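Data block below; observations after.
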Amino acid sequence: MAYVPAEYPSSAGRAGSRAAAPTIFGPTHNHASAAHHRSLSGITRLIRGLDHEETREQSLDLLCKYRQARDDLGILLWNSFGTVKLLLQEITSVYRPLLSGGLSERAMTQVCNAIALLQSVASHPDTRMPFIKASIPVYLYPFLNTMNSERNYECLRLTSLGVIGSLAKVDDAEVVDYLLSTQIFPSCLRCMEVGRTLSKTVATFIIYRILLNEKGLKYCFILADRYLSVSHALAKMVEGLAEEDENSPRLLRNIIGCYLRLSENQRTRQRLSTYIPSKLVDNTYIDILRGDPEAIGNLQQLIYNLKTSQRSRPQPIGLVIGAVH
């Protein structure tokens, strides 16, 4: 199932950004300097730069810039004294402006960078469980639960989803247990409702990964309202899918995966068939799926499962089966 990692904005070269902060790192624009920053000593120095307000912004920016080049960045951040606390302070500093609507682009950028560094911690196998046991994801709730869809809020939403997605994509029962014990599930449903396409894609992926686990599937069905909330959120996204959006194929793929998993419960299959929009099982979105045989296969299996229920809709099913062969 497709997973879209969270993206975060960079303050480098941003129009209207303030002059560069005082730096202890030297020039950052040439290859030799970049190689130094990616080295262990360079990364360690950047982490130390987080301790000082005058170098924190640049340190956040550079650590995010080079984080893909350091598989051990999560360990270095977690084991560096006081660093995670500083990142959390950066994150919580925007809670008030988030509520008042006064969130600036500069503040958003710094917080997105801090969240992206937490994703490095969440995704590393040696720091994943300590990260969870410390309940770090709780600090992301305000960004996941905001109903504001403006760009700055969307960036925070998407980057926060990236952290949760890094946890969810690992096949680990302990991770699923943790996610089910928190407000992550309803928060993702909210993101599926108010987020833009990329946020919807990551949020739907997280729900899909939870549903793949038997405990996660049981969690969905244990309350009728919860099951209906999932069904309605998926249906709303199907109805509003924009074919011209480049992220729509991945979103549709994740939606189909969720529906397929829900359809594997025979007791609710009949009811599910009444909730799935006809757009999903007729030819409306067939062009979006071309070139994705796995998604097509999942859709065919979903249609087969629905066809076995007493209230299936045979005409659309026949149309799409003929179209995807």
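The values are calculated or read from the model by the stated rules, or taken from the named source; none is laboratory data. If you're wondering where the values come from, they're calculated on a predicted model, not measured in any experiment. With ideal geometry, Cβ positions are generated from the backbone for all residues, glycine too; neighbour counts draw on all protein chains shown.
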Restricting to segment 124-174, name every residue that is touching a Lys or Arg at 6+ places or on another chain (Cβ under 9 Å), over 14 Å from Lys200 (Cα atoms) and among the small types (Gly, Ala, Ser). Ser166, Ala168, Ala173
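With respect to Arg70, determine if the residue is surrounded by 17 or more Cβ atoms within 10 Å (Cβ to Cβ) and either of a type in the set (Lys, Arg) or touching a strand residue (DSSP E or B) at 6+ places or on another chain (Cβ under 9 Å) (or both).
On the way: surrounded by 17 or more Cβ atoms within 10 Å (Cβ to Cβ): yes; either of a type in the set (Lys, Arg) or touching a strand residue (DSSP E or B) at 6+ places or on another chain (Cβ under 9 Å) (or both): yes.
The answer is yes for Arg70.
Quick grid of which residues meet (1) under 24 Å from the mean Cα position of the chain (by Cα); (2) modelled with pLDDT of 95 or more; (3) assigned to a helix (DSSP H, G or I); (4) closer than 22 Å to Ser160 by Cβ:
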| position | (1), (2), (3), (4) |
| --- | --- |
| Tyr3 | yes, no, no, yes |
| Tyr8 | yes, no, no, yes |
| Ala15 | no, no, no, no |
| Arg18 | no, no, no, no |
| Gly26 | no, no, no, no |
| Arg67 | yes, no, yes, yes |
| Leu87 | yes, yes, yes, yes |
| Pro97 | yes, no, yes, yes |
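Give segment 276-325 a look and list any residue that's at pLDDT below 85, surrounded by 14 or more Cβ atoms within 10 Å (Cβ to Cβ) and in a helix (DSSP H, G or I), or say none.
Once the filter is applied, which keeps residues that are at pLDDT below 85, surrounded by 14 or more Cβ atoms within 10 Å (Cβ to Cβ) and in a helix (DSSP H, G or I), segment 276-325 yields Pro316, Ile317, Gly318, Leu319, Val320, Ile321, Ala323, Val324.
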Considering each of Ser273, Ser231 in turn, give the residue that is of a type in the set (Ser, Thr, Tyr), at pLDDT 95 or above, buried (at least 19 other Cβ atoms within 10 Å of the Cβ) and part of a helix (DSSP H, G or I). Ser231
Output the residues belonging to segment 122-137 that are more than 15 Å from the chain's Cα centre (by Cα) and assigned to a helix (DSSP H, G or I). Arg128, Met129, Pro130, Phe131, Ile132, Lys133, Ile136
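Please indicate, with yes or no, whether at least one residue in segment 148-158 is assigned to a helix (DSSP H, G or I) and among the small types (Gly, Ala, Ser). First the steps, then the outcome.
In the first step, residues of segment 148-158 are kept if they are assigned to a helix (DSSP H, G or I); the result is 151-158.
Next cut, among the small types (Gly, Ala, Ser) only: none.
Checked segment 148-158: no residue is assigned to a helix (DSSP H, G or I) and among the small types (Gly, Ala, Ser).
Go through segment 73-114 and report how many residues are among the charged types (D, E, K, R), within 12 Å of Leu50 (Cβ to Cβ) and surrounded by 14 or more Cβ atoms within 10 Å (Cβ to Cβ).
Here is the first cut: in segment 73-114, the residues among the charged types (D, E, K, R) are 85, 90, 96, 105-106.
Checking the rest, the ones that are also within 12 Å of Leu50 (Cβ to Cβ) come to 85, 90.
When the remaining residues are screened for being surrounded by 14 or more Cβ atoms within 10 Å (Cβ to Cβ), the result is 90.
So the count comes out to 1.
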Determine whether Asn254 is crowded, with 16+ Cβ neighbours inside 10 Å, in contact with a Gly (Cβ under 8 Å, 6 or more places away or on another chain) and modelled with pLDDT of 90 or more. no
Residue pairs, Cβ under 8 Å, 6 or more apart or interchain, first in segment 195-206 and in contact (Cβ under 8 Å) with a residue 40 or more places away in the chain and at positive phi, second surrounded by 24 or more Cβ atoms within 10 Å (Cβ to Cβ) and part of a helix (DSSP H, G or I). List them. none
